[in-house]
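First up is the structure itself, then whatever we jot down about it.
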There are 2 protein chains.
Amino acid sequence: MILEVAVLNIKPGFSLEFETAFSIAQSIISSMPGYLSHEVHRCMENSNRYLLLVRWESLKYHTEGFRQSPQYQEWKALLHHFYTPFPTVEHYEAVNHLCSIAPNH
Amino acid sequence: MILEVAVLNIKPGFSLEFETAFSIAQSIISSMPGYLSHEVHRCMENSNRYLLLVRWESLKYHTEGFRQSPQYQEWKALLHHFYTPFPTVEHYEAVNHLCSIAPNH
């Protein structure tokens, strides 16, 4: 299991539109091979900022499977115009002995 | 439930020492009032970078309860010298209709 992490900075004033678009877009990512789960969190210090966490079975399901799929073009069209600047996406692996819960969901 | 999020950049060459120190420090945070769970993840693109996620019952348990406690001084002494630069800590609230799982653990 790997964790995709992206801090999403949304153009000021477009948070609600972003949330509506994401509510549609999440059905795209949820249907991809290797997808496990996702969470979106809103920043309490900056109302234009969100944290996206997506769990994948392995890195390639995200970087090759999803990003090279036709479905990624739909995802892009729904979401990418909200971002400023365009987010840096990173991938993380759990350090199991430093987690209080099994991060496998 | 709120999520504390910190990207921890560790001084190059000190990742193992940081992990050892964190394995001790996690017993401190785990014993604090309002603490729910934590996870540490290692960045796949940058081996000196970790993501810390801590779930608290509410913001004040972290910002007032933990940070103003004597235990925070022990946490600092164990961990803060590993960071470069010192991390920005943010707090997030789940947008429940944009999560595939209930983020309450």
Among the numbered conditions (1) out of contact with any strand residue (DSSP E or B) (no Cβ under 8 Å at 6 or more places or on another chain); (2) modelled with pLDDT of 95 or more; (3) loosely packed, with under 14 Cβ neighbours inside 10 Å, tell me where B:Asn96 comes up short.
-> (2)
Of (1) touching a His at 6+ places or on another chain (Cβ under 9 Å); (2) among the hydrophobic types (A, V, I, L, M, F, W, C); (3) in contact (Cβ under 8 Å) with a residue 12 or more places away in the chain, B:Leu8 satisfies every one except (1)
Of the candidates B:Phe18, B:Phe66, the one satisfying the condition of being away from chain A (no Cβ under 11 Å), in contact with a helix residue (DSSP H, G or I) (Cβ under 7 Å, 6 or more places away or on another chain), touching a residue at least 12 places away in the same chain (Cβ under 8 Å) and crowded, with 17+ Cβ neighbours inside 10 Å is B:Phe66
Write out, first by first residue and then by second, each pair whose Cβ atoms fall under 8 Å of each other, whose residues are 6+ apart or on separate chains, and whose first residue, in the range A:44-61, is under 20 Å from A:Glu19 (Cα atoms) and modelled with pLDDT of 95 or more while the second is part of a loop (DSSP other than H, G, I, E, B) and basic (Lys, Arg).
-> A:Asn48/A:Lys11
Please find, among B:Ser23, B:Ser47, B:Ser27, the residue that is among the polar types (S, T, N, Q) and not in a helix (DSSP H, G or I).
-> B:Ser47
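The values are calculated or read from the model by the stated rules, or taken from the named source; none is laboratory data. Just so we're clear, the structure is a prediction, and the values are computed from it rather than from any experiment. We place every Cβ from the backbone using ideal geometry, glycine too, and count neighbours over all the protein chains shown.
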